[in-house]
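Here the structure comes first, spelled out in structure tokens, and everything after it is commentary.
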Amino acid sequence: MRATFLAGAPGHQQLIARAVRILASSGLMDMNGHISVRDAGDPEVIWINSRRASRSTLRYGDVVPLDLRSGKRIGNGDEPPSEFHIHRKIMQRRPEVGAVLHAHPDHIVALSIVGHTLQPVTGIGSFLPESVPMFDDANLINSEERGEHVASLLGENSVLVLRGHGVVLVGATVEEVIVQYACAEANARIQYKAAALGAPRVLRGDELASVRRESWTAAIIAKHWHYHEETARRNDAFADME
């Protein structure tokens with residue numbers, strides 16, 4: 001089984017490297033964010049960008065394999081990021097999850113610092129629940145215990161805010177979590193501005209369900225992904241990746 005997934009490694013490495021560069025080039029990921037994807041050949045293995053590699057110049061070889069059972073890096077080389085526990089514990093609890101993203105977006109973090117819950121206020125934010133759960137601890141998720149707590153609080157949701165720290169998103173594919181992340185931060189930016197003017201009107205109940213049906217089709221998600229990918233390409237974000 002290990003020989004199988006190693007043979008398919010370049011596909012996983014390329015996908016994550018491109019996704020990280022897309023976010024870094026758009027200012028949505030700083031030097032510490034990370035994305036993981038479950039290996040298509042072995043569901044007990046994930047691929048994740050390494051600890052020391054620059055996100056803005058991430059190369060295929062900077063994406064490393066991690067054994068979910070042991071929590072150990074497979075093979076030799078650079079280690080995974082210290083917060084790999086987020087990815088490991090969520091993947092263990094949620095077998096349907098194919099990708100996990102953790103990053104530190106300005107507006108989502110700013111809302112959390114003042115105790116404002118991230119809520120859907122726009123069409124692009126309509127994938128969010130009415131009230132996104134929050135992990136009320138600003139420490140790094142650099143232990144198995146904290147990773148388990150994060151995974152437990154996330155539950156069956158697709159997004160969790162880490163107070164004063166960042167956000168975690170999960171989905172079936174890397175493309176899905178990238179789109180969700182970009183839209184969550186855009187929604188937070190509008191929520192942040194609206195809160196300065198008054199009390200934002202949050203999408204709830206039937207209205208939220210209706211907006212979500214119209215705004216979160218497969219075609220629209222693909223359109224979002226295409227926009228971010230092509231914008232990164234225009235900015236020459238994919239140079240020297242091998």
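Can you tell me which residue in the range 72-83 is most open to solvent (accessible area, probe 1.4 Å), limited to those that are free of Cβ contacts under 8 Å to residues at least 60 places away in the same chain and closer than 12 Å to Ile46 by Cα?
Among those that are free of Cβ contacts under 8 Å to residues at least 60 places away in the same chain and closer than 12 Å to Ile46 by Cα, it is Lys72.
For the range 218-241, how many residues are open to solvent by less than 50 Å² (accessible area, probe 1.4 Å) and without any contact (Cβ under 8 Å) to a residue 40 or more places away in the chain?
1
In the range 169-202, how many are open to solvent by less than 40 Å² (accessible area, probe 1.4 Å) and of a type in the set (Phe, Trp, Tyr)?
1
Within the group Ile141, Ile108, which residue is closer than 24 Å to Ile35 by Cα, modelled with pLDDT of 95 or more and in a loop (DSSP other than H, G, I, E, B)?
Of Ile141, Ile108, the one residue that is closer than 24 Å to Ile35 by Cα, modelled with pLDDT of 95 or more and in a loop (DSSP other than H, G, I, E, B) is Ile141.
Hey, among the residues in the range 10-44 that are among the hydrophobic types (A, V, I, L, M, F, W, C), open to solvent by 10 Å² or more (accessible area, probe 1.4 Å) and within 20 Å of Leu68 (Cα to Cα), which one's modelled with the highest pLDDT?
Checked the range 10-44; the qualifying residue modelled with the highest pLDDT is Val37.
Within the group Gly205, Gly166, which residue is open to solvent by less than 60 Å² (accessible area, probe 1.4 Å) and farther than 18 Å from Ser112 by Cβ?
Selected residue: Gly205, the only one of Gly205, Gly166 that is open to solvent by less than 60 Å² (accessible area, probe 1.4 Å) and farther than 18 Å from Ser112 by Cβ.
State all residues of the range 105-136 that are within 30 Å of Asp42 (Cβ to Cβ) and in contact (Cβ under 8 Å) with a residue 60 or more places away in the chain; if no residue qualifies, say none.
Of everything in the range 105-136, just one residue is within 30 Å of Asp42 (Cβ to Cβ) and in contact (Cβ under 8 Å) with a residue 60 or more places away in the chain, namely Phe127.
Among the listed residues Ser152, Ser131, identify the single one that is in a loop (DSSP other than H, G, I, E, B) and either among the basic types (Lys, Arg) or loosely packed, with under 14 Cβ neighbours inside 10 Å (or both).
Ser131
Would you call Gly98 surrounded by 23 or more Cβ atoms within 10 Å (Cβ to Cβ) and touching a residue at least 40 places away in the same chain (Cβ under 8 Å)?
The answer is no for Gly98.
Only residues in the range 45-66 that are in contact (Cβ under 8 Å) with a residue 40 or more places away in the chain and open to solvent by less than 10 Å² (accessible area, probe 1.4 Å) count as the first member; pair them with residues that are assigned to a helix (DSSP H, G or I) and of a type in the set (A, V, I, L, M), Cβ under 6 angstrom, at least 6 apart or cross-chain, and list the lot.
Listed by first residue and then by second, the contacts come to Ile46/Met91; Leu58/Ala17; Leu58/Val20; Val63/Ile16; Val63/Ala17.
Given the condition surrounded by 15 or more Cβ atoms within 10 Å (Cβ to Cβ), assigned to a helix (DSSP H, G or I) and over 17 Å from the mean Cα position of the chain (by Cα), answer yes or no: does some residue in the range 114-121 qualify?
Within the range 114-121 (the criterion being surrounded by 15 or more Cβ atoms within 10 Å (Cβ to Cβ), assigned to a helix (DSSP H, G or I) and over 17 Å from the mean Cα position of the chain (by Cα)), the answer is no, since none of the residues qualifies.
Need the failing condition index for Arg69 against (1) without any contact (Cβ under 8 Å) to a residue 40 or more places away in the chain; (2) within 18 Å of Val167 (Cβ to Cβ), just the number.
Result: Arg69 fails condition (2) only.
The values are calculated or read from the model by the stated rules, or taken from the named source; none is laboratory data. The structure presented is a predicted model; accordingly, all values stated were derived computationally and were not measured. Cβ sites come from the backbone with ideal geometry, for glycine too, and all protein chains shown count toward neighbours. Calculation scope for accessible area: heavy atoms of the full protein, side chains included, ligands and nucleic acids excluded. Shrake-Rupley method; radii C 1.70, N 1.55, O 1.52, S 1.80 Å.
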